[in-house]
Amino acid sequence: MPDRLRFAPSPTGYLHVGGARTALFNWLYVKHYGGEFLLRIEDTDKARSTEESTRAIFEGLEWLGLTWDERVVHQGANLERHQADARKLLERGKAYRCFCTPAELEQRRKDAEKRGQAFSYDRRCDRLPKDEIERRVAAGMPFTIRFRVPDEHSTTWTDVVHGDITFPNKDIDDFVVLRSDGTPIYNLAVVSDDIAMVITLVMRGDDHISNTPKQIMLCEALGAPLPKFAHLPMIHGTDGKKLSKRHGATAVGDYQHMGILPEAMLNFLALLGWSPGHDIEVMSVDDMVRLFSTEGLLRKAAVFDPKKLEWMNGQHLSRASAERLLPVVAAALERAGLATQRDVEARREWYLRLIDLLKIRARVIDDIVRQAAPYLRDHIEYDPDAVAQQWKDRQTSADVLAAVRERLATTSDWSP
């Protein structure tokens, strides 16, 4: 059966380039091996989730051309199923009610710190007699639901990227799956939704490796088949630290507005954690789909280098047809006040020739706009530093330019 994969962002901000890279690898897997690529919006955090962020995710994916199959799943709409799965865990003896308050847990954590010990939950609520549990529930005492981690053995899986990974169960606390207000904790919501969506391969960043043993335990306790897992390397800045806003733009939308082509962005992101082999760097989307393989996925953290992205974009600009670039360049010219869309359409062939002339030396779309300015303005503003360096004798420079203009005006044959 073909695999089913999902991209599951939280709508609490923009579409991060790391998220876009994860979506791309899921999409490439499906396009290369066959299967279905699904989109799930993990909006259970109502306080931080926004419609604006959800739109930004949709727009970013659509700009990149990463289309999904089936309808979008909104995790927040699945609350009843999440609660039902928590009750299943209780009924099967895989979880228990915990009546410890946040204040009590915090005090025990502080006491453990004073003793120089790491805090771990002592399972005191798991030892409560049945009649005491019933009494507390009847009295309306608030409780969370904790998953009972098996004491013995360990949890192991064979990761598509990292190979065998093992976590000793003794190192994992009994963890909360349902809060006292009835809302699910991340791991329960994810597993419940993955089961319902019949996800067979979970491909995500390796910052989720620590969540995986808990999710495997939950999946087994709910009696569902385990998916495969593939954990992709983190993306770092050029300083070797986790990519963040201090490194500059990290939103996909920022690069769209900076004049990066979507195919160049995809090419650049694809190389952040995957190698097509044979020292290949510049690829079309079709090339990426054809060359993609899980064997090429890397373990080492990838480096997001904005200069490399600009170089990559320049490669795609020079290879793109003028027809492909015309709508993007026309919009940029209009924003710069150099030409309207109507102007461009009226002189379409001339603009196509201009783009072919200028794209070779461009790194971003705005480079084409800057180079086009002298062709579209009667008055040209020169760089003061360049003027000081090159026009030391202004009269001589003016005479030379006048002579060049005269020669050009009488030239009829422009062939090489």
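The values are calculated or read from the model by the stated rules, or taken from the named source; none is laboratory data. A quick note: this is a predicted structure, and the numbers were derived from the prediction, not measured. When we count neighbours, we look across all protein chains shown, and the Cβ atoms used for this are built from the backbone with ideal geometry, even at glycine.
Are there any pairs with C-beta distances below 6 angstrom linking a residue in segment 195-216 that is of a type in the set (Ser, Thr, Tyr) and crowded, with 16+ Cβ neighbours inside 10 Å to a residue that is part of a strand (DSSP E or B) and modelled with pLDDT of 95 or more, with the two at least 6 apart or on different chains, and if so which?
Going by the 6 Å Cβ cut-off, the qualifying pairs are Thr200/Arg4; Thr212/Phe229.
Kindly list, by first and then second residue, each pair from a residue in segment 83-104 that is within 16 Å of Lys130 (Cβ to Cβ) to a residue that is assigned to a helix (DSSP H, G or I) and β-branched (Val, Ile, Thr), limited to pairs with Cβ atoms under 7 Å and residues at least 6 apart or on different chains.
Arg97/Ile133
When the residues of segment 243-271 are filtered to those that are in a loop (DSSP other than H, G, I, E, B) and touching a strand residue (DSSP E or B) at 6+ places or on another chain (Cβ under 7 Å), which remaining residue is nearest to Leu317 (Cα to Cα)?
Ranking the candidates gives Thr250 first.
Select, from Tyr29, Tyr96, Tyr33, the only residue that is aromatic (Phe, Trp, Tyr) and within 29 Å of Asp174 (Cα to Cα).
Exactly one residue qualifies, and that residue is Tyr96.
What are the pairs with Cβ atoms under 7 angstrom where one residue, in segment 38-57, is polar (S, T, N, Q) and the other, located anywhere, is part of a helix (DSSP H, G or I)? Sequence gap at least six, or different chains.
If the second residue must be part of a helix (DSSP H, G or I), the pairs left are Thr44/Gln75; Thr44/Gly76; Thr44/Ala189.
Restricting to segment 316-344, and then to whatever is free of Cβ contacts under 8 Å to residues at least 12 places away in the same chain and more than 24 Å from Asp287 (Cβ to Cβ), can you tell me which residue is surrounded by the most Cβ atoms within 10 Å (Cβ to Cβ)?
Glu334
If I ask for residues that are at pLDDT below 95 and on the phi > 0 side of the Ramachandran plot, which ones from segment 91-122 would you list?
Gly116
Determine which member of the set Lys300, Lys308, Lys359 is within 21 Å of Pro262 (Cβ to Cβ) and surrounded by fewer than 19 Cβ atoms within 10 Å (Cβ to Cβ).
The conditions single out Lys308.
Out of everything in segment 178-192 that is surrounded by 22 or more Cβ atoms within 10 Å (Cβ to Cβ) and over 18 Å from the mean Cα position of the chain (by Cα), what residue ends up being farthest from Trp68 (Cα to Cα)?
Going through the qualifying residues, I end up with Leu178.
Given the criteria outside any loop (DSSP other than H, G, I, E, B) and under 30 Å from Pro227 (Cα atoms), does Ile165 qualify?
Here the answer is yes, as Ile165 does meet what is asked.
Say whether the condition of being acidic (Asp, Glu), in contact with a His (Cβ under 9 Å, 6 or more places away or on another chain) and crowded, with 20+ Cβ neighbours inside 10 Å is met by at least one residue in segment 250-266.
The answer is yes; a qualifying residue exists.
For segment 143-162, name all the residues that are within 24 Å of His82 (Cβ to Cβ), touching a helix residue (DSSP H, G or I) at 6+ places or on another chain (Cβ under 6 Å) and part of a loop (DSSP other than H, G, I, E, B).
Within segment 143-162, Val149, Pro150 meet the criteria.
Count, please, the residues in segment 353-370 that happen to be part of a helix (DSSP H, G or I), in contact with a helix residue (DSSP H, G or I) (Cβ under 6 Å, 6 or more places away or on another chain) and more than 10 Å from Val329 (Cβ to Cβ).
Matching residues across segment 353-370 total 2.
Against the conditions (1) touching a strand residue (DSSP E or B) at 6+ places or on another chain (Cβ under 7 Å); (2) modelled with pLDDT under 95; (3) crowded, with 19+ Cβ neighbours inside 10 Å, where does Trp274 fall short? Just the number, please.
Trp274 satisfies every listed condition except (2).
To keep it simple, each residue is scored yes or no on (1) surrounded by 11 or more Cβ atoms within 10 Å (Cβ to Cβ); (2) over 26 Å from Ser10 (Cβ atoms); (3) assigned by TED's automatic domain parsing to the domain that holds Thr12.
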{"residue": "Arg40", "(1), (2), (3)": "yes, no, yes"}
{"residue": "Ala47", "(1), (2), (3)": "no, no, yes"}
{"residue": "Leu66", "(1), (2), (3)": "yes, no, yes"}
{"residue": "Arg108", "(1), (2), (3)": "yes, yes, no"}
{"residue": "Ser120", "(1), (2), (3)": "yes, yes, no"}
{"residue": "Asp131", "(1), (2), (3)": "no, yes, no"}
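Checking the condition surrounded by fewer than 16 Cβ atoms within 10 Å (Cβ to Cβ), assigned by TED's automatic domain parsing to the domain that holds Phe304 and either of a type outside the set (S, T, N, Q) or not in a helix (DSSP H, G or I) (or both), which residue from Gly223, Gly240, Gly140 passes?
Gly240
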